[in-house]
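The values are calculated or read from the model by the stated rules, or taken from the named source; none is laboratory data. Because the structure is predicted, anything quoted here is derived from the model rather than measured. Quick reminder, even Gly has a Cβ in these numbers, built from the backbone with ideal geometry, and neighbours come from all protein chains shown. Just the protein is used for accessible areas: all its heavy atoms, side chains included, with ligands, DNA and RNA removed. Shrake-Rupley method; radii C 1.70, N 1.55, O 1.52, S 1.80 Å.
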Amino acid sequence: MEPFDYDVLPGRVIFGVGRRSEVGDEVERLTATRVVLIADAHDQETIAYIEGVLGERLVATFTEVAQHVPVALAEKLRALVASTGANATVSLGGGSATGFGKAVSLTHGLPQICIPTTYAGSELTPIWGTSSGEVKETGRDLRVLPRTVIYDPELTLGLPISIAGPSAMNALAHAVEGLYGPGANPVMSAIALESVRVLSTHLPIMKAAPASIEERSKVLYGAYLAGVVLAVVGTALHHKTCHILGGLYGLDHAKMNAVVLPHALAFNAPAIPEAYERLNTVLGGDAAGQLYDLARALDTPSSLLEIGMPADGVERAAPLVVRAAADNVRSIDLDQAVAFLTNCANGQRPS
Ligand code: NAD
């Protein structure tokens, strides 16, 4: 067996139906007394509920959450934190809300409690990101690793398949790249494969039975496993590509993931025979094609053109992908990047 090493990340995870009610206890556990709630405005009822549970510990609620953490809004939140003397944040929402909490942890050192409502996985990683115009800046810093994550499947009951599908493909991308990303190791591979198994099994059932709390729980659990892997292993061609396309064209993060994943896996397949075989076993053969089919079954967009990439978008992105994916498990040159991006742009099933 090959030797391996990795840093086990700290953090507390609470998983279960209704457990958002425990957010006050978790604030106490961190000995925090003044909390800013950062909330995606999609669910006013839950915002009001969390505000009620936080009670006198709540000093402000910030709802100007936008995707990719625009710097101007992050600065607004930081000013709010400073003016209120907050000593912790609670974020409620998808990866965007989590990202704002991380922006504050990075500059002000505040501990963050996350209550995720999508499958983005950011709540488990020490990766932060901000955006300014077309430029997206990211970094890895343990200060931004959330201290506590409360997974309450009830909060995903209202997630429509139009958001749940792409978001789950984002989680699957974390698990798949976890098998061959820069920090891959046997422990993370075991978790990644279990994540792929849980997600690929339960997503179609959840789509057919969206009110089933059991199926919602299973999918959230699979996404949690994927986040664990992302946090340790890091990313490869797939995520580097999404990062570039998100910065250049402002494409929706989760939808991009749904489009790019099968093509990135198909490109990497020759360089990862063992991992690909293990994925085949879980997915029933032809892993890249199966992921493409799963994405179609979840009604996610199939092409980058469909989600707003300009018709000449490939040419501009290709050299950036080559540079960003220099450490990918399979090296990629300009012609290959153009071909790969063209496949993503057009959205045909990978062969
Ligand atoms: P998001 O947080 O922007 O949410 C997408 C949409 O879903 C929003 O319109 C939101 O209002 C809505 N929504 C969220 N929860 C809902 C629910 N339960 N019911 C109904 N609607 C709901 O998107 P996302 O895909 O969760 O996160 C994307 C962001 O997270 C990107 O900026 C990405 O870069 C970042 N991200 C970061 C990491 C990391 O490790 N740093 C990992 C993954 C994603």
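Listed values, structure above:
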| item | result |
| --- | --- |
| Top-ranked residue in the stretch 153-183 [being near the ligand (Cβ under 7 Å from one of its atoms) and in a loop (DSSP other than H, G, I, E, B); ranked as least open to solvent (accessible area, probe 1.4 Å)] | LEU159 |
| Check on VAL196, in contact (Cβ under 8 Å) with a residue 60 or more places away in the chain, open to solvent by less than 50 Å² (accessible area, probe 1.4 Å), farther than 28 Å from ALA318 by Cα and within 15 Å of the ligand (Cβ to nearest atom) | no |
| Unique match (being closer than 17 Å to ALA120 by Cβ and either more than 10 Å from the ligand (Cβ to nearest atom) or not in a helix (DSSP H, G or I) (or both)) among HIS238, HIS243 | HIS238 |
| Failed condition for ILE115, given (1) under 19 Å from GLU22 (Cβ atoms); (2) open to solvent by 10 Å² or more (accessible area, probe 1.4 Å) | (2) |
| Residues being out of contact with any Leu (no Cβ under 6 Å at 6 or more places or on another chain) and assigned to a helix (DSSP H, G or I) - total across the stretch 101-120 | 7 |
| All helices (runs of 4 or more DSSP H) inside the stretch 18-95 with 3 or more residues being hydrophobic (A, V, I, L, M, F, W, C), away from the ligand (no atom under 13 Å from the Cβ) and open to solvent by less than 40 Å² (accessible area, probe 1.4 Å) | 44-54 |
| Residue list for the stretch 121-152, restricted to those being assigned to a helix (DSSP H, G or I), within 7 Å of the ligand (Cβ to nearest atom) and under 15 Å from PHE15 (Cα atoms) | none |
| Checklist (1) under 26 Å from GLN67 (Cα atoms); (2) surrounded by fewer than 21 Cβ atoms within 10 Å (Cβ to Cβ); (3) not β-branched (Val, Ile, Thr) applied to LEU225, failing item | (2) |
| Residue pairs meeting the criteria (Cβ under 6 Å; at least 6 apart or on separate chains; first more than 19 Å from TYR276 (Cβ to Cβ), in the stretch 159-187; second basic (Lys, Arg) and open to solvent by 40 Å² or more (accessible area, probe 1.4 Å)) | ILE161/LYS207; PRO166/LYS255 |
| Hits in the stretch 118-152 (condition: hydrophobic (A, V, I, L, M, F, W, C), over 20 Å from VAL260 (Cβ atoms) and open to solvent by less than 50 Å² (accessible area, probe 1.4 Å)) | LEU124, TRP128, VAL144, LEU145, VAL149, ILE150 |
